[in-house]
Amino acid sequence: MTEIAPLPALPSQPAASPWPTTQWPEGELPSQVDRSALDALVATAFAAPDTELLGETHALLVVQGGRIVLERYGEGFGPDATYPSWSKAKSITQALVGLLVAEGKLDIHAPADVPEWRETADDPRATITLDQLLRMSSGLSFVEDYVPGHVSDVIEMLFGSGKADVAHYAASRPLAHPPGTFWSYASGTTNIVARCAARALGVDGAGFEAFMRQRLFEPLGMTSPVPKFDAAGTFIGSSFCFATARDFARFGLLYLRGGRWEDRQLLPADWIDYARTPTPQPAVREGDYGAHWWLNIAGPGSFSANGYEGQYTVLVPDLDLIVVRHGKTPLEKKDHVKTWIAQLVDAFR
């Protein structure tokens, strides 16, 4: 078994920086920042509405030490605009599960509450746990392809025959591998998780949205989120929670502060560590993965919520840094955005 390195410590909120529950405090770029490199990277992103390297960049927000030190928007966008989460919503779903785990309403190591897997006594899917779903290691067959015309379970789930009941569509997929033996990124698993969370609460779509707002968004001062639900009442946690860049940064700060907000421990510190603990699966993947959070995009110890077309909330504990980027980047340029973010973070080192 591969030994997992100790997780880097998460920084505390500086005493001189107030919590951004009502408004974000602002600060100056620190003196050690490589200003020429940073300015060049920002210029590259906003050189035109649609750049050759990155496509469109709509928003860039950098928070360090709990203060906004850089904020820039593309033409037609601004701090009050809401931006698509795409798969950044997966990390929000992970937070909602954490709230229920803390209350004893969910056990991530027990078989997930999925009715489709209990219809026959010997269904091998019935052993799949929430932990395996959160770590993208359920073994379910699911094609995560965003190219029109290709075979794609994610497109069929979100926009085709599965859109009325996304969790049922995903839960109806057969096993391709024994649970827990193979890593494969699949948006369907998150929608199964979102439905499990609602079932644990015993609520419908409206009730689950109220839970999201009362227990997560409102304590952080997140007033902009617009989560989307399917016709069956399931939060489409794989893909759809719109919010401002500043509110996505608030969510990121909750995780960077180990689940603490002001004088409250909203999420257990060990749940944040769970999110950023690597999933040890021998599989070809796009990058290191934790539990519904990506790892190491901006250096060792960093973790991030990543979304389609270049939506990112990147947390860098050793720099007490958050980078939020929104835009519309074609698939063939997605690696350019990752490199650009890593270079931007390096300018702060």
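The values are calculated or read from the model by the stated rules, or taken from the named source; none is laboratory data. For clarity, every value in this text was computed on a predicted model and none was experimentally measured. Cβ: placed from backbone, ideal geometry, glycine included. Neighbour counts: every protein chain shown. Keep in mind that these areas ignore ligands, DNA and RNA; they rest on the heavy atoms of the full protein, side chains included. Shrake-Rupley method; radii C 1.70, N 1.55, O 1.52, S 1.80 Å.
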Sort through V114, V97 and tell me the only one that's more than 19 Å from the chain's Cα centre (by Cα), within 17 Å of A171 (Cβ to Cβ) and hydrophobic (A, V, I, L, M, F, W, C).
V114
So in the stretch 296-328, with the set limited to residues that are of a type in the set (S, T, N, Q) and free of Cβ contacts under 8 Å to residues at least 60 places away in the same chain, which one is most open to solvent (accessible area, probe 1.4 Å)?
N296
Of these, G207, G237, G202, which one is of a type outside the set (D, E) and under 18 Å from A89 (Cβ atoms)?
G237
Of (1) open to solvent by 60 Å² or more (accessible area, probe 1.4 Å); (2) of a type in the set (S, T, Y); (3) within 30 Å of T22 (Cβ to Cβ), S224 satisfies every one except (1)
Residue that is nearest to Y312 (Cα to Cα), among those in the stretch 235-256 that are open to solvent by less than 10 Å² (accessible area, probe 1.4 Å) and part of a loop (DSSP other than H, G, I, E, B)
S239
Is at least one residue of the stretch 146-160 outside any helix (DSSP H, G or I), in contact (Cβ under 8 Å) with a residue 40 or more places away in the chain, in contact with a helix residue (DSSP H, G or I) (Cβ under 9 Å, 6 or more places away or on another chain) and of a type outside the set (A, V, I, L, M, F, W, C)?
yes
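To keep it simple, each residue is scored yes or no on (1) outside any strand (DSSP E or B); (2) at pLDDT 95 or above.
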| position | (1), (2) |
| --- | --- |
| M1 | yes, no |
| A5 | yes, no |
| P14 | yes, yes |
| P20 | yes, yes |
| W24 | yes, yes |
| S36 | yes, yes |
| A43 | yes, yes |
| E56 | no, yes |
The stretch 109-138, residues that are crowded, with 21+ Cβ neighbours inside 10 Å, assigned to a loop (DSSP other than H, G, I, E, B) and either touching a strand residue (DSSP E or B) at 6+ places or on another chain (Cβ under 7 Å) or not hydrophobic (A, V, I, L, M, F, W, C) (or both)
A112, I128, R135, M136, S137, S138
Let me spell it out: the conditions are (1) open to solvent by less than 20 Å² (accessible area, probe 1.4 Å); (2) outside any helix (DSSP H, G or I), and T93 meets all of them except one. Which number is the exception?
(2)
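Conditions (1) surrounded by fewer than 23 Cβ atoms within 10 Å (Cβ to Cβ); (2) of a type in the set (V, I, T), marked per residue:
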site	(1), (2)
D273	yes, no
T277	yes, yes
W294	no, no
P330	yes, no
D335	yes, no
T339	yes, yes
Kindly check whether there is at least one residue in the stretch 151-166 that is open to solvent by 30 Å² or more (accessible area, probe 1.4 Å), more than 22 Å from the chain's Cα centre (by Cα) and closer than 19 Å to D230 by Cβ.
yes
Among the residues of the stretch 257-271, which ones are surrounded by fewer than 18 Cβ atoms within 10 Å (Cβ to Cβ), under 18 Å from P8 (Cβ atoms) and of a type in the set (D, E, K, R)?
D270
When the stretch 11-70 is examined, which residues are found to be aliphatic (A, V, I, L, M), in contact with a Leu (Cβ under 8 Å, 6 or more places away or on another chain) and surrounded by fewer than 14 Cβ atoms within 10 Å (Cβ to Cβ)?
none
